[in-house]
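Reading through the C-alpha cells given below for one structure.
Computed from the coordinates by the stated procedures, all read-outs in this text should not be read as laboratory data. In this text, all values refer to a predicted model and were calculated from it rather than measured experimentally. With ideal geometry, Cβ positions are generated from the backbone for all residues, glycine too; neighbour counts draw on all protein chains shown.
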Amino acid sequence: MDELSFEVLQKLAHGYSKKQISNIIQEKYGESPDLKEFIETLTEYGFIGKEKSQTPKSTLSFLKPRHVKWFYGNPALSFYSIIILVGIGLLILNPRYFPEYNDYFISENYFITIFLNFIFGTILLSVHELSHLFSGRVQGIYGKIGIGLRLYFPVAETDLTGLWRLEPKKRNLPLLAGIINDFFLTSIGIILLYAFDQEMIYYPLILYRIINACILILFYGLIWQLMFFMKTDLYYALSNILGVRNLYEESWNYILYNIRKLWGLEGPFLDFPEKDLKIIKIYSISILILSIYSVYTFTFYGIPIFSIIILESTISLVSEPRLNTLLPHLVTLVFTIIQLIIFIYYLVRILFNLLNQLKQ
C-alpha cells in the first residue's frame, strides 16, 4: 500500500469525512483521490466493513434532528449549567444531601424498596441513554440503544458508531450528554430536597424518600463513569479530546508492563509514540486511583445495602413465616443474593483476567 493510500485509510479510521480527506490530500499531494472507488475496493477485500443504513435499525428513527435540537441548543445548555451549579452549591453548603447507603431504603418493606429502586433506576437509565441518542440525532447520527458489556459487566449503551465520522469537537456533546443529564437530574433532586426542608414547597414524605433514592442511583451512575478500567462515556470523551483512540488498551499495556517489570517478569516491549506517552502515564495513574475509589464506594455503599437486605429478609422469613409475607420476603432474598453472586463472579473473572495478562 502506497503512502497516500495508507494516509487515507488512517484518516478514515480516525473518523474524518470524505470531503475532509479530499481537502487534506489535495493540499498535501496536489491530487484528489477517488475515495468512492477506494472505499469500495477496501470493502471488497475486507479491510473495512460494509456501510449499512443506520436509519431503519435506529431507535426512535422517526425523530429527526429538528425535533430534538432544542434539547441541546445554547439556551438549553446554559439552563442545564445554571441548575448544575446551583445543585453543587447547595451540596457544598449542605453536605447532608450527599447520598448515603440508607437512602436506598424507600420503604421498610424490602420487596417494595427493591421494586421501586428497579423501576426508578430503569427510568433514569433510559433517560441517560436517550440523552446520548438525542444529542447524536442533533448531529445527524441515528444511534441505537441496546445492551453491551464493559469488561464482564452487562450495561445499557447507545451505539453511535457514525459519530466518529464527525470532526472531533462535534463528538464531545453526544459523548458527554449522559453525564450532563445525570448531573442535571441530581441537581434538580438536591434543589427539591432543599426547597422541602426550607418549607418553600410541600410534597408527600414518600416522594422525599424517592428523590433521595434517585440521587443515590444517579450518584452510582456518576461513580460508574469514573471507572476508567472500563470504557465508560467519560473514557470515550477523554480519548476523543486527547486524540488517543486506543487510550484504554495502551494504558492497560503500560500498567501491566510496569507490574511485570516490578515483579521481575518478562513481557513484550512497549514502544509508545512520544506524544502519547505522557497522556498514557497520567491516564494509567488515574485508572489505579479511581479503581481503588470504586472499591471504596462498593465497600461503604453496596455491601451495607446487600448485607441489610439479606439479613433482615432472612430474619423475617424465620420469625414471621406467614403465608401473606412469605413470597415477598423470599423474592427479595433470592433477588439480592443473585445480584451479589453475579458481582462476585464478575470480580473474580476480572482478577483472573488480569493475572493471565501478567503471565503473558
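Some observations on this one:
- Calculated over segment 152-239: convex hull of Cα atoms, volume per residue (Å³): 123
- Links that overshoot a 27 Å alpha carbon limit, given the list Lys231/Lys281; Lys169/Lys261; Lys69/Lys275; Lys69/Lys281; Lys144/Lys278; Lys261/Lys281: Lys169/Lys261; Lys69/Lys275; Lys69/Lys281; Lys144/Lys278
- Restricted to Cα atoms, segment 57-359 shows a radius of gyration and a Dmax of 21.9, 69 angstrom.
- Among Thr297, Thr332, Thr122, sorting on how many other beta-carbon atoms sit within 10 Å of each Cβ, with the fewest leading, yields Thr122, Thr297, Thr332.
- Förster radius 56 Å - calculated FRET efficiency between His67 and Ile342 (Cβ-Cβ, nearest 0.05): 0.90
- Cβ crowding within 10 Å, taken as a proxy for footprinting-reagent exposure, orders Glu250, Glu108 from fewest neighbours to most as Glu108, Glu250.
- Simple Cβ-charge dipole of segment 150-263, Lys/Arg +1 and Asp/Glu -1, about Cα centre, in debye nearest 20: 500
- Residues whose placed amide H lies under 5 Å from that of Ser107, excluding near-sequence neighbours: Thr113
- Pairwise label distance in nanometres, Ile123 with Thr297, each label 7 Å out on the Cα-Cβ vector: 2.2
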